[in-house]
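Asker: This is the structure, below, for whatever I ask next.
The values are calculated or read from the model by the stated rules, or taken from the named source; none is laboratory data. Because the structure is predicted, anything quoted here is derived from the model rather than measured. Here the Cβ positions follow ideal geometry from the backbone for every residue, glycine too, while neighbour counts run over all protein chains shown. SASA here: full protein model, heavy atoms, side chains in, ligands and nucleic acids out. Shrake-Rupley method; radii C 1.70, N 1.55, O 1.52, S 1.80 Å.
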Amino acid sequence: MALVQSATVATPIASSFLKEAESRVAKKNGYTRNQGNEFRKRAWWERFNEWGSKGKNLQSCIRGHYESSHYVSAALMREQRALEKRSASHAPVSIWDSYKTNAHFQARMQRQDYVRTRMDLLHDQDHARRAAAVAKGVMGLCEMTSAPTGFTYRMVKNLFMHKMSDNRPSHKALTAFISLPIGMLSSFILMLSRAGAADTLQKVGGKLLLSFAAFSALFGLASTVSASISQTAMRTIDLKPDHKAAIEKEMANTLRKINKLILHFKDKPDGRLLLARAMNRYVGADFRGGKIQTHKKDQMPVLIEQLEAALEPETSPEAIDRNLVKAQQVIGDYLGEVPDPPAGASAWTNYQHRKALQRRELHFATLAGLVEHGDIQLGTINTSPDGKTKLNQDSTLKESAQDSRTWMEGKAQDLNTLILKALIAPASSLDRLIGTRWAKTLKYWTDADYENIRKQKLADPKRAARNASKGEYMSQNIHQYGPITRSLIILSDTLHAINYNFVLAVNGSASRLFNWAFRTVQGMLTSDPASRTVCSSAGRFAGGAAVTAMYACGVAGVADIAAMTHSPFVTSVGVGASKLDILSTGTVMTGIGTLAVIALGLAKLSANLGGWNGNLQPNRPNVSRGEKLKVI
């Protein structure tokens, strides 16, 4: 008997789910929605801009939350199915009767990714819970010190204008012109060394130059050590009844969405092709079945074929319940094809068993990641072409996943909203006196649904002419503009992406490389899934250390670092003849940001001078070049 018998356990699926899932599957293949049900290949600059925005700690924590949940669900289905097959009678059996002694299930629950956003699971393990809390808190300090200019910038933006979208031209201008005073703060301190007390202030200035990256590395190391201590101190997890119900609900939610996606794509060749390619990035050739195309990468994974064969059309609540049970059995059998090692097996045999099982669990986690992912759950995917779909913000998850940096940035937003609401009353009096509409504007800015209202206005065809010269509209509807205007829009967006995601986050960019390396090595050598949160902390440590070493340039003593050369815009790093003049972060950001604003201004001018061709629908890509795939 399956563990979950009825779909009533699961949360009802939103009407926008299939469009979100389609977009997710297409995105894994490098496609984006063109119009209606057509998908086109994304341009290089679209992929570059998106890639640059990834890698933040909050994103790693949320991705780890869903991924670890999928591994727990996989373990639950495998062990439950194995119990059912071993049962001599047809009496109901449940994994919950023996979960404390099931090493595989316990190992999946004890992953740091799983407990990081579910601290209440460690209700009877003080040492493990405290160490995990320290790891989470210290990681927030690491995020602050890894990018002090970026953190200060976000605080200023959230405090004074947090309603401003990152894609709006005003954000690009703010990035350009607020970065200089923030980035130059340390430079002005260093300049004081030229006015007297040079030796002392040079030492202070040199330490200041290296301190942020060094502290980031130390905090990253402390977070990694704390997470490791938590993992080591963790004992058998004792689940309360509400914990078991929550785990079953998460599994039911995932399976309901998987079933809906499989049935949706079942009779659509182009959709199945996208699904196969999205899966086969992590599914080896040995686990693929029939071909839907001649190329190897287009072979359909066996797991998908087995689910397609087992599921029936969901035409009634009873059919939905039957499909939920069948999915648990199919996935449990698929994972159970890896037999348990015999008693007394060698360590190498046990390792090979765990590695083979983890490989199959990855197949399920990959499939589940197409329907449950931070991009879908937190509303960062365009869920409908008309822009009227509301963002699906999971506030509970964001609250449990946030660190001290994101907490402070959120409080700055709350303070901004509080100030704006307090100004509504005096603004109303002013409006009555001089006939302005400030109170209405303030109410609009403080509306909880402000972002959705703004997006709907931006996507309203009746407002196309009014929106045509708005930077955000231009980026989203680049096909409506002439070649010169399009080139300027792409230039502006790319410069802003470089400025905001690389120059502002040089430490973060270095950390991402190490994060990826740690996850890759851990996935190759160990028999357990790589922990995104722990690897993120380790990546911050290695990235911060690398940036510190780069800044130090082999300096033996901080006192020998030349604090400044000719101006507050240039920092000189190094010893003697090996000195290297580098522009400060604030100066570089101001220069690149200014170019981005100029390019956007020229794009607006070009649009107003005839560069906008009207509210055109996206052109169909060239079918012969294989750029279009119709999903529905």
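Asker: So which residues in segment 2-37 are open to solvent by less than 30 Å² (accessible area, probe 1.4 Å), over 23 Å from the mean Cα position of the chain (by Cα) and at positive phi, if there are any at all?
Answerer: Across segment 2-37, there are no qualifying residues.
Asker: Hey, another quick one. Which is surrounded by fewer than 23 Cβ atoms within 10 Å (Cβ to Cβ) and at pLDDT 85 or above, of ARG47, ARG63, ARG40, ARG78?
Answerer: ARG63
Asker: Return the residues of segment 129-151 that are surrounded by fewer than 19 Cβ atoms within 10 Å (Cβ to Cβ) and of a type in the set (A, V, I, L, M); say none if nothing qualifies.
Answerer: ALA133, VAL134
Asker: Sort out which residues of segment 341-399 are of a type in the set (Gly, Ala, Ser) and at pLDDT below 60, and write them in order of number.
Answerer: GLY379, SER384, GLY387, SER395
Asker: Looking at ALA327, ALA252, ALA309, ALA276, can you tell me which residue is without any contact (Cβ under 8 Å) to a residue 12 or more places away in the chain, in a helix (DSSP H, G or I) and not charged (D, E, K, R)?
Answerer: Just one listed residue meets the conditions, ALA309.
Asker: Restricting attention to segment 220-243, which residues are surrounded by fewer than 16 Cβ atoms within 10 Å (Cβ to Cβ) and farther than 30 Å from ASN507 by Cα?
Answerer: ARG235, THR236, ASP238, LYS240, PRO241, ASP242
Asker: How many residues, within segment 433-465, are in contact with a helix residue (DSSP H, G or I) (Cβ under 9 Å, 6 or more places away or on another chain), open to solvent by 70 Å² or more (accessible area, probe 1.4 Å) and either of a type in the set (Lys, Arg) or not in a helix (DSSP H, G or I) (or both)?
Answerer: 4
Asker: Name the pairs: first residue in segment 581-606 and closer than 19 Å to ALA147 by Cα, second residue at pLDDT 90 or above and among the small types (Gly, Ala, Ser), Cβ to Cβ under 8 Å, at least 6 apart or on different chains?
Answerer: Pairs that qualify, where the first residue is closer than 19 Å to ALA147 by Cα and the partner is at pLDDT 90 or above and among the small types (Gly, Ala, Ser): there are none.
Asker: Regarding segment 511-525, can at least one residue be identified that is open to solvent by 60 Å² or more (accessible area, probe 1.4 Å), assigned to a loop (DSSP other than H, G, I, E, B), at pLDDT 75 or above and over 25 Å from TRP51 (Cβ atoms)?
Answerer: no
Asker: Now for a different question. Taking GLU84, is it surrounded by fewer than 22 Cβ atoms within 10 Å (Cβ to Cβ) and over 23 Å from the mean Cα position of the chain (by Cα)?
Answerer: Yes; evaluated as a whole, the condition is true for this residue.
Asker: Still on this structure, I have one more. For segment 476-526, which residues satisfy the criterion of being hydroxyl-bearing (Ser, Thr, Tyr) and in contact (Cβ under 8 Å) with a residue 24 or more places away in the chain?
Answerer: TYR481, THR485, SER492, THR494, TYR500, SER509, SER511
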